[in-house]
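Visitor: Can you keep this structure in mind? I'll have questions shortly.
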Amino acid sequence: MRIAVASGKGGTGKTTVATSLALSLAEEGFAPPPIFVDCDVEAPNAHIFLKPRLEQSQPVGILIPVVDELRCTYCGKCAEVCVYHAITVLGKKTLVFPQLCHGCGSCTAMCPEHAISETPDHIGVIERGPALQGIDFLRGVLNIGQPMAVLIIRELQHKINPLPGQAVILDAPPGTSCPVVATMRGADYLLLVTEPTPFGLHDLKLTAQVAVEIGLPTGVIINREDGPFPDLEQFCESAGLPILMRIPFQREIAEGIARGKTLVEIHPEYTDAFQELSEQIIERLSG
C-alpha cells in the first residue's frame, strides 16, 4: 500500500501528518516497518522528525549534449527534435541550454554527422538509511539552482521496492506542479492535508482536481482546526472527499513541532488515531 501525503500549499502540516503516520504504522507492528520517502527534493525536512542515519548516498545526473563544432553542419535536426528547446542553431553556431535539457538523448540520436556526444551533469543525490522505529528512510536532495526536481523523484520511485505487505509513505512537495504529480503517480491513496482558511480551501480545490485527473482515491485531513469553517465542509461533501481526521489548533502542538517533535510524540494518543486512519484507507481501497 502506497499512501501519498500532499497539500495545495506549504505550511499546512503535510510532513507532520506523513511522519506521524509512518511512526504509527511502525508502532502497530507492520512487518517490516514502512518505507518513508521524502519527495520534497527542493526542501526536504522529514529527517528533522524521523532522525534517520543516512548510510547510502547515490548521485543523480542527466546527460547533457556537447556539440563538436568541427563536425557540425548546422543542419538544425537536433533543434527540430528537442521538445524542450534545450538546443538551437543560430547561423553557424549551435547553442546548448543545460537548464532546459531533460537528458532524453534525441538530439544525439538524430544528428546525421554524429557531432553530438553527451556528458553527465550532476543534479542531486538520493540518500537512504534507517530511521526511528526501524523505518526505512529515503529522500532526494536537488542541487540548489537545478530545475529538474521530477528526475530526482522518478529515481526515488525506482528505489522504493517494498517487501510484501510493507507500507510506503510518500511525502509530496507542496503545490500542484509537476513534482507533485510525479509523487502521486503510482500511489494507491492520496491524503490531502488542508487548513480551515480561505487560502487552504483554494489550494485544496486545485490539488483535489489534480487527484481527479490522475484518478487517485483521496481523503482529507483538516489540520489546525479552530471552530467551524462551513465552506471547507461543503466543498469536501460536494467533491466526495471524506474527512478522515481533524487535528485541533493547539499551541502545544505548534511548540512541539517547532522543536522537531512529531505529533505522536506530542500527543501519543494520535498513534491509535493514525492506525485507525490506515485501516480506513485499507477498507476504502478494498471496498
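Visitor: Going residue by residue through the stretch 118-133, is there one that turns out to be without any contact (Cβ under 8 Å) to a residue 40 or more places away in the chain and in a helix (DSSP H, G or I)?
Guide: no
Visitor: Another question, then. Out of the residues in the stretch 8-21 that are modelled with pLDDT under 95 and not β-branched (V, I, T), which is surrounded by the most Cβ atoms within 10 Å (Cβ to Cβ)?
Guide: This residue is G8.
Visitor: So which strands (runs of 3 or more DSSP E) stay within the stretch 10-111 end to end and still have 1 or more residues that are touching a residue at least 40 places away in the same chain (Cβ under 8 Å)?
Guide: 35-38, 56-67
Visitor: Only one of these conditions is not met by C104: (1) crowded, with 19+ Cβ neighbours inside 10 Å; (2) out of contact with any Pro (no Cβ under 9 Å at 6 or more places or on another chain). Which number is it?
Guide: Of the numbered conditions (1) crowded, with 19+ Cβ neighbours inside 10 Å; (2) out of contact with any Pro (no Cβ under 9 Å at 6 or more places or on another chain), the odd one out for C104 is (1).
Visitor: On to the next question. Starting from residues that are under 17 Å from K14 (Cα atoms) and out of contact with any helix residue (DSSP H, G or I) (no Cβ under 8 Å at 6 or more places or on another chain), keep the ones in the stretch 249-269 and report whichever is surrounded by the fewest Cβ atoms within 10 Å (Cβ to Cβ).
Guide: My answer is A258.
Visitor: Still on this structure: Among the listed residues R139, R154, which satisfies the condition of being of a type in the set (D, E, K, R), touching an Asp or Glu at 6+ places or on another chain (Cβ under 6 Å) and under 27 Å from V17 (Cβ atoms)?
Guide: Within the list R139, R154, the selection yields R139.
Visitor: Consider P162 carefully, then state whether it is touching a strand residue (DSSP E or B) at 6+ places or on another chain (Cβ under 9 Å), in contact (Cβ under 8 Å) with a residue 40 or more places away in the chain, part of a loop (DSSP other than H, G, I, E, B) and assigned by TED's automatic domain parsing to the domain that holds A18.
Guide: It is true that P162 is touching a strand residue (DSSP E or B) at 6+ places or on another chain (Cβ under 9 Å), in contact (Cβ under 8 Å) with a residue 40 or more places away in the chain, part of a loop (DSSP other than H, G, I, E, B) and assigned by TED's automatic domain parsing to the domain that holds A18.
Visitor: Listed residues S24, S57; which is in contact with an Asp or Glu (Cβ under 6 Å, 6 or more places away or on another chain) and either surrounded by fewer than 18 Cβ atoms within 10 Å (Cβ to Cβ) or of a type in the set (S, T, Y) (or both)?
Guide: Exactly one of S24, S57 is in contact with an Asp or Glu (Cβ under 6 Å, 6 or more places away or on another chain) and either surrounded by fewer than 18 Cβ atoms within 10 Å (Cβ to Cβ) or of a type in the set (S, T, Y) (or both), namely S57.
Visitor: (1) crowded, with 23+ Cβ neighbours inside 10 Å; (2) in contact with a Leu (Cβ under 7 Å, 6 or more places away or on another chain); (3) over 25 Å from P179 (Cα atoms): which one isn't true of P34, the others all being true?
Guide: Tallying (1) crowded, with 23+ Cβ neighbours inside 10 Å; (2) in contact with a Leu (Cβ under 7 Å, 6 or more places away or on another chain); (3) over 25 Å from P179 (Cα atoms), P34 fails exactly one: (3).
Visitor: Then there is this: State which residue is farthest from V264 (Cα to Cα) when the search covers only the stretch 82-101 and only residues that are aliphatic (A, V, I, L, M) and crowded, with 16+ Cβ neighbours inside 10 Å.
Guide: V89
Visitor: Right, here's the next one. From the list R224, R246, R185, which residue is buried (at least 18 other Cβ atoms within 10 Å of the Cβ) and among the basic types (K, R)?
Guide: So the residue among R224, R246, R185 that is buried (at least 18 other Cβ atoms within 10 Å of the Cβ) and among the basic types (K, R) is R224.
The values are calculated or read from the model by the stated rules, or taken from the named source; none is laboratory data. Owing to the predicted nature of the structure, the values given are computational and were not obtained by experimental measurement. Virtual Cβ from ideal backbone geometry, glycine too; neighbours counted across all protein chains shown.
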